[in-house]
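Colleague: Before anything else, here's the structure in question.
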Amino acid sequence: MEAPEDEFTKYRSPLVSRYASKEMSYNFSDRKKFTTWRKLWIFLAKAEKALGLPITDAQVAEMESRVEDVDFAMAAEQERKLRHDVMAHVHTFAYCCPTAAPIIHLGATSCYVGDNTLARVMDRLANFAEKYADLPTLGFTHYQPAQLTTVGKRACLWLQDLTMDMRNLRRARDDLRFRGVKGTTGTQASFLQLFQGDHAKVEELDRMVTEMAGFKKAYLVTGQTYSRKVDIDTLSVLASLGATVHKICTDIRLLANLKELEEPFEKEQIGSSAMPYKRNPMRAERCCSLSRHLMTLLSDPLQTASVQWLERTLDDSANRRISLAEAFLTADIVLSTLQNITEGLVVYPKVIERHIRHELPFMATENIIMAMVKAGGNRQDCHEKIRVLSQQAAAVVKQDGGDNDLLDRVKADSYFSPILDQLDALLDPKTFTGRAPQQVTRFLSEEVYPLLEPFRSKMDVTIELEL
């Protein structure tokens, strides 16, 4: 029995059908794309009219009134006949704008048309870092217990990377220019002919259309397209963001395994079909999975830019339609998911405290030695005593699976009697975190909060996920 012909018999990208926000999906939809083409043709017509070409107010008004009236079926049929997507839409627009038909796309080439969530993620993590700025926790190097840090300081390491991503996004956006009105091979020859050799009018046309399109600058020189290195710059920023999100969510997954930290977990959410007790970090896993996809997309514009022959080849087009859209859609998804995670992170201080108690006696040995020296002891004698007791305690932990009993051994050894009343103070975890709390305060006030100030009015939006 053959499957019925419906939407479920065709592949649909999960980026659009399942994960992406409505806003980002719309940005790369056919309707957004083709109405943008129409707006560019209107900008061009207005500028050409202002510079003296025989274009009437009625023609411009007709085009403006039909921007949203896109006959997608007609456009598809035209593209089948013409094998050219831009000209197919020129014909479709002309059909519904008969008066303006002669001046649509006049003198142009087909290549004429071709961070709030991040701020909210940073805001949520900043609040988290401030709340837990002085909560001691085990640091890890090589994923082995190391000196203590604080939960808030670790969150600042994540924030540090996100602030770099925010600055990179701003730079990429501010550096972006409009291709402008350049013609078939970038020489503006067709427009120079339209304006009968008047170079000043061609330059003014370029400036006016650039301004109407919302750009401050246009590229002064192009081939048929803007340099495809622009796509490299853009996707480099997004791929770098992907690396940041992957690192953050990997850390969350590792801490979830230790039961020190958990992402949000719905009351009726199922962690495992076979093991009902499990609380799998599904959101963080999704972020890691999609971030890897985002990072790999950077290879597309790198290769595309490297193989653009002379003024242009068309082997960029199909690749860019996929890689550019998927990069922005994927970045949107991972940031939305990360926002949801950061809005519901759960910390388990008692578990963290237990882990510290398990490791801290080893870390405190230098403090114990220094206290004994101050009490009149010999450093070498004390070091040897601590070395022997530490190895005995380590054997209990590693060979017998027992708890770290180093402190009990220290207390039972009369050698350390001069400092027994100091042990609690010597083993206060907060004395092992250095300047972590102060670093959190300074970092948030000097680097994070100023960066977020322009986004303050957008901070109230929360993210609900369909898992």
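The values are calculated or read from the model by the stated rules, or taken from the named source; none is laboratory data. Just so it is clear, the model here is predicted, and its values are computed rather than measured. Heads up, the Cβs are rebuilt from the backbone with ideal geometry, glycines too, and the neighbour counts pull from every protein chain shown. Heads up: the accessible areas ignore ligands, DNA and RNA and are worked out on the full protein's heavy atoms, side chains in. Shrake-Rupley method; radii C 1.70, N 1.55, O 1.52, S 1.80 Å.
Colleague: Short version: ³J(HN,Hα) in whole Hz for each residue of region 450-461, in order, from phi by Karplus 6.51 cos²θ - 1.76 cosθ + 1.60 (θ = phi - 60°), x for Gly and Pro, what are they?
Modeller: Whole-Hz 3J(HN,Hα) from phi for region 450-461: x, 5, 8, 4, x, 9, 4, 6, 9, 7, 7, 6.
Colleague: Further, regarding this structure: Give me, ordered by chain and number, the residues 5 or more places off Ala146 or on other chains with an amide H under 5 Å from its own placed amide H.
Modeller: Gly139, Phe140, Thr141
Colleague: Okay, next question. Once you list every other residue whose beta carbon is under 15 Å from the beta carbon of Arg38, what net charge do they have if Lys and Arg are +1 and Asp and Glu are -1?
Modeller: -1
Colleague: In the full protein assembly as shown, how much of Phe28 is accessible to a 1.4 Å probe, in Å² to the nearest 10?
Modeller: Roll a 1.4 Å probe over it and Phe28 shows about 80 Å².
Colleague: Based on the Kirkwood radius over alpha-carbon pairs, what value in µm²/s does the Stokes-Einstein equation return for the translational diffusion coefficient of the chain at 4 °C and 1.567 mPa s?
Modeller: 48 µm²/s
Colleague: For Thr431 and Asn168 in one chain, what is 0.36 nm times their gap in residues minus the Cα-Cα distance, to one decimal in nm?
Modeller: 91.0 nm
Colleague: Determine ³J(HN,Hα), in whole Hz, for all residues of region 412-426 in sequence, where each value follows from phi through the Karplus function 6.51 cos²θ - 1.76 cosθ + 1.60 and θ = phi - 60°; x replaces Gly and Pro.
Modeller: With coefficients 6.51, -1.76 and 1.60, one gets 7, 9, 4, 4, 8, 4, x, 10, 4, 6, 9, 4, 4, 5, 5 Hz.
Colleague: Please work out how much accessible surface Thr296 shows to a 1.4 Å probe, ignoring ligands, DNA and RNA, in Å² rounded to 10.
Modeller: 80 Å²
Colleague: Longer than 28 Å from Cα to Cα, which of Lys81/Lys217; Lys153/Lys411; Lys33/Lys182; Lys259/Lys398 are they? Say none if no pair is.
Modeller: Lys81/Lys217; Lys153/Lys411
Colleague: Net charge near Ala200, counting Lys/Arg +1 and Asp/Glu -1 over other residues with Cβ under 13 Å of its Cβ?
Modeller: Net local charge, Ala200 excluded: -2.
Colleague: Find the centroid of the Cα atoms in region 339-382 and in region 223-260, then give the distance between the two in whole Å.
Modeller: Each part's Cα centre sits 34 Å from the other's.
Colleague: Keeping all protein chains in place, calculate the accessible area per residue for the chain (probe 1.4 angstrom), answer in Å².
Modeller: 54 Å²
Colleague: Please state the shape class of region 1-100: rounded when a/c is under 1.5, otherwise prolate if a/b exceeds b/c and oblate if not, all from the C-alpha gyration tensor.
Modeller: Verdict is prolate for region 1-100.
Colleague: With every protein chain kept in the model, how would you rank Tyr26, Tyr415 by accessible area, 1.4 Å probe, largest at the top?
Modeller: Heavy-atom accessible area, descending, gives Tyr26, Tyr415.
Colleague: So, with a 1.4 angstrom probe, what is the percent of accessible area on the chain that is carbon and sulfur?
Modeller: C and S atoms contribute 53 percent here.
Colleague: Share of antiparallel DSSP beta bridges in the chain, in percent to the nearest 5?
Modeller: Among the beta bridges of the chain, antiparallel pairing accounts for roughly 90 percent.
Colleague: As a test question: what accessible area, to the nearest 10 Å², does His91 have when a 1.4 Å probe is rolled over all protein chains in place?
Modeller: Accessible surface of His91 is approximately 90 Å².
Colleague: Here's something else I'd like to know. If the convex hull of the alpha-carbon atoms of region 372-467 is projected onto planes in all directions, what is the mean projected area in square nanometres?
Modeller: 12.6 nm²
Colleague: Could you work out, for region 159-308, what percent of all Cα-Cα pairs fall into each 5 Å distance bin, beginning at 0 Å and stopping at the bin that holds the largest distance?
Modeller: Per 5 Å bin, starting at 0, the Cα pair percentages come out as 2, 9, 12, 13, 12, 10, 9, 8, 7, 6, 5, 4, 3, 2, 1, 0.
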